[in-house]
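So the structure is just underneath, and the comments pick up after that.
Here, each number is a calculation from the coordinates, and none is a lab measurement. The shown structure was predicted, so the numbers you read here are calculated from the model rather than taken from an experiment. Counting neighbours? That spans all protein chains shown, and the Cβs are built from the backbone with ideal geometry, glycine included.
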Amino acid sequence: MRKITQENLKNAFAGESQANMRYLIFAEKAEEEGFPNIAKLFRAIAYAEQVHATNHYNVLGMIRNSAENLQAAIDGETYEVNEMYPAYNAVAKLQDEKGAQRTTEWALQAEKIHAGMYQKAKQAVENGKDIPSSDIYICKVCGYTIEGEAPERCPICGASKEKFKKF
């Protein structure tokens, strides 16, 4: 693939991915405000954006086997933990941006957990196995992730057990 086309598809993937996430966030807000049909519209179009992003990613050759996809996820999470969030948090501290300090620190702590979970999953795949089935709980406030049961209080942000979403 020629370089300009490749860069265009990467940019299109990023734009479609951001639109997908933005529309899902907007759908949650519409639900909170009592507009279920608007929420449905946002979710439907978010899915269309996901289809577009998936098509671009596929043409770029970025969808591989599960072990390689898990390694890509590990690499991404590790980058966020070791480089991205520490740098973003340092700038937020320098600029005395309390909200940005909080959200980057919360994300940093959660990403550490995600990297470990992906590493365990990759080891299972390399041994020809799936990971054991268990509930996964995500804190809706900070993204803390745990397998098994939600804690009474989130160890990262202190949110109550009721603030966890079960997967």
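Structure notes:
- Restricting segment 36-51 to residues that are within 18 Å of Leu9 (Cα to Cα) and in contact (Cβ under 8 Å) with a residue 12 or more places away in the chain, the residue that is surrounded by the fewest Cβ atoms within 10 Å (Cβ to Cβ) is Gln50.
- Applying the set (1) under 30 Å from Ala67 (Cα atoms); (2) in a loop (DSSP other than H, G, I, E, B); (3) in contact with a helix residue (DSSP H, G or I) (Cβ under 7 Å, 6 or more places away or on another chain) to Glu111 leaves exactly one unmet item: (2).
- Any hit, segment 83-94, residues being of a type in the set (D, E, K, R), in contact with a helix residue (DSSP H, G or I) (Cβ under 9 Å, 6 or more places away or on another chain) and in contact (Cβ under 8 Å) with a residue 40 or more places away in the chain: no
- Here Lys120 does not qualify as more than 19 Å from Gly76 (Cβ to Cβ) and surrounded by fewer than 16 Cβ atoms within 10 Å (Cβ to Cβ).
- Test: residue in segment 22-43 that is in contact with a helix residue (DSSP H, G or I) (Cβ under 7 Å, 6 or more places away or on another chain) and within 26 Å of Lys112 (Cα to Cα): yes
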